[in-house]
Amino acid sequence: MTTTPDTAPAATISAPGHASVASAGPGVATVRRVLERLGVHTALGRDVALAVVWALVTLAFLTTLVAAGEFYGANRSIPAAQVVVVVVLALVQQVPLVMRRIRPVTALLAVAVVQAGLLAVLPTGLALWTAAPVVTAYTVATLRPTRVVVGAVLAAVGIEAVGAAVGASAIVKDQLGATPGLGELGAVVEALALVASAVLINGVSAAVGSWVALRRAHDRDARARAAESVEHQATLTRAAVAAERTRMARELHDVAAHHLTGLVVQAGAAERLVDGDPERAKESLRSVRAQGRETLDALRSIVGILRETGDGPSGTVPVPGLADVSDLVDQARASGAVVESQLDGTLPSLAPLADVTAYRTVQEALVNARRHAPGAAVELRLRATADSFVIVVENDLPVRRDASADGGFGLVGMRERADLIGGRLDTGATPEGRWRVRLELPVETDASATGLAGGGPE
């Protein structure tokens with residue numbers, strides 16, 4: 001008859017300390033919280049508690065066996081000394097659990113020595129295995145490399161095989177006053193059965209521990225790869241934002257150069273008109289002041305952004321603006337896209353940086369529509385009010401997203417531009433199943449009524 005306690009709780013309780021509470025499971029997390037409320041905060045403290053718990057379970061288990069009359073094996077009566085020795089050894093076997101994480105191999109071998117003693121004194125026909133061999137073999141496999149695990153398990157099985165051989169020879173049992181056993185053949189069969197059980201218990205426990213260690217290593221690698229991916233994406237985003245800021249700084253440089261050139265020309269004209277036509281000179285100076293204030297406002301909006309070399313050979317490519325949106329529409333139509341444009345109101349006179357932002361937003365939205373939803377009709381709506389100017393670009397979402405298409409950083413650049421000039425950019429899918437890009441810009445009080453070429457409903 002082979003009697004062993006349920007070893008499932010051993011694997012459950014041994015998990016804390018090897019992994020985080022989140023990865024160990026809700027049951028282990030609950031046990032750890034209970035121990036922390038009782039003042040047990042360290043791994044050594046938890047192992048001491050584990051050893052105490054298994055000692056109590058072992059004592060209750062042996063008491064039950066004795067009370068039920070199942071402790072006597074092939075002999076229906078055994079001396080009291082033999083019972084005491086078995087109980088003491090079974091309880092002592094739980095002590096090495098205290099150092100199962102500090103010295104796992106030592107703990108396994110110590111448990112194997114005590115198990116060998118148990119096998120040497122157990123009544124004939126009885127096999128008793130406590131939770132200690134299971135827990136220590138499992139722990140060694142979770143904490144040590146495979147080569148060490150195999151060597152430790154083989155050493156433990158060898159030690160226990162010696163105990164089984166001593167038990168089969170009845171040398172120690174005779175000293176305790178036990179009655180003769182099953183004879184030579186029966187002793188050999190009993191010894192082989194005990195060795196087989198030792199191989200099975202240690203081997204299966206170590207195999208489970210190795211699988212758990214492999215799973216934990218895989219989880220750690222997956223989390224590390226995910227963290228690297230997030231960091232890589234963040235690095236790309238920061239690089240894209242920096243590049244976009246540099247392009248905006250370059251555009252601002254061109255805007256400032258244009259306005260400052262005009263200021264110089266107007267100041268020279270005013271100088272020539274001071275004596276001959278004072279009124280026209282005053283008007284020219286007022287224009288100089290207004291244009292200078294506008295230029296300063298644009299410069300203050302992105303102070304600190306450095307300028308890189310221009311896109312063209314000379315770096316003097318004209319800065320596009322809202323008046324050039326009609327050219328973007330014509331280019332999109334020429335490429336085969338269906339673009340419907342609509343203007344509600346009159347195009348306002350925006351600040352230079354806001355003017356560039358409006359142009360770039362429409363440009364990026366049209367490019368994204370052609371890239372991600374080829375063949376879908378695009379609607380461009382421009383609405384001007386007394387204090388704001390709204391640009392809305394909508395297109396149907398693609399039926400199937402192309403996984404090979406690059407995500408890009410167009411939205412990052414558009415949002416960066418809108419933030420710099422105090423505008424608001426909203427992007428995303430609508431309840432009707434369309435993709436929408438909406439930009440709202442502040443408008444100065446004085447606006448000029450310049451129309452969008454071909455801007456009526458198409």
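Condition first: among the hydrophobic types (A, V, I, L, M, F, W, C) and within 42 Å of the chain's Cα centre (by Cα). Now tell me which residues in region 84-103 satisfy that. It would help to see each step written out before you state the result.
The first filter runs over region 84-103 and keeps only residues among the hydrophobic types (A, V, I, L, M, F, W, C), leaving 84-92, 95, 97-99, 102.
Once the filter is applied, which keeps residues that are among the hydrophobic types (A, V, I, L, M, F, W, C) and within 42 Å of the chain's Cα centre (by Cα), region 84-103 yields 95, 97, 98, 99, 102.
Where residues in region 325-355 are open to solvent by 50 Å² or more (accessible area, probe 1.4 Å) and assigned to a helix (DSSP H, G or I), which of them is modelled with the lowest pLDDT? Once the filter is applied, the top-ranked residue is 334. Please go through region 205-215 and give me each residue that is touching a residue at least 60 places away in the same chain (Cβ under 8 Å) and either of a type in the set (Ser, Thr, Tyr) or open to solvent by 30 Å² or more (accessible area, probe 1.4 Å) (or both), ordered by number. 205, 207, 208, 210, listed by residue number. Residues in region 231-275 that are closer than 22 Å to residue 355 by Cα and of a type in the set (Asp, Glu) were compared, and the one that is modelled with the highest pLDDT is 244. Every listed requirement among (1) closer than 19 Å to residue 205 by Cβ; (2) among the aliphatic types (A, V, I, L, M); (3) open to solvent by 40 Å² or more (accessible area, probe 1.4 Å) is met by residue 141 save one, (3).
Give the residues of region 49-66 that are closer than 17 Å to residue 97 by Cα and open to solvent by less than 60 Å² (accessible area, probe 1.4 Å), sorted by residue number.
Filtering region 49-66 down to residues closer than 17 Å to residue 97 by Cα leaves 49-59.
49, 50, 51, 54, 55, 58, listed by residue number.
Where helices (runs of 4 or more DSSP H) fall entirely within region 93-207, those with at least 3 residues that are of a type in the set (Val, Ile, Thr) are at 104-121, 131-143, 146-169.
One line per residue, one yes/no per condition, for (1) small (Gly, Ala, Ser); (2) at pLDDT 80 or above; (3) within 30 Å of residue 349 (Cβ to Cβ):
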| residue | (1), (2), (3) |
| --- | --- |
| 398 | no, no, no |
| 402 | no, no, no |
| 407 | yes, no, no |
| 414 | no, yes, yes |
| 419 | no, yes, yes |
| 434 | no, yes, no |
| 438 | no, yes, yes |
| 442 | no, yes, yes |
| 448 | yes, no, yes |
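I'd like the full set of residues that are open to solvent by 10 Å² or more (accessible area, probe 1.4 Å) and of a type outside the set (Lys, Arg), limited to region 356-365. Scanning region 356-365 gives 359, 363, 364. Comparison of 16, 96 shows that the only residue that is buried (at least 18 other Cβ atoms within 10 Å of the Cβ), modelled with pLDDT under 85 and out of contact with any Pro (no Cβ under 7 Å at 6 or more places or on another chain) is 16.
The values are calculated or read from the model by the stated rules, or taken from the named source; none is laboratory data. Predicted model, so just to flag it, every value in this text is computed and none were measured. We place every Cβ from the backbone using ideal geometry, glycine too, and count neighbours over all the protein chains shown. Areas reflect the complete protein model, heavy atoms only, side chains present, ligands, DNA and RNA absent. Shrake-Rupley method; radii C 1.70, N 1.55, O 1.52, S 1.80 Å.
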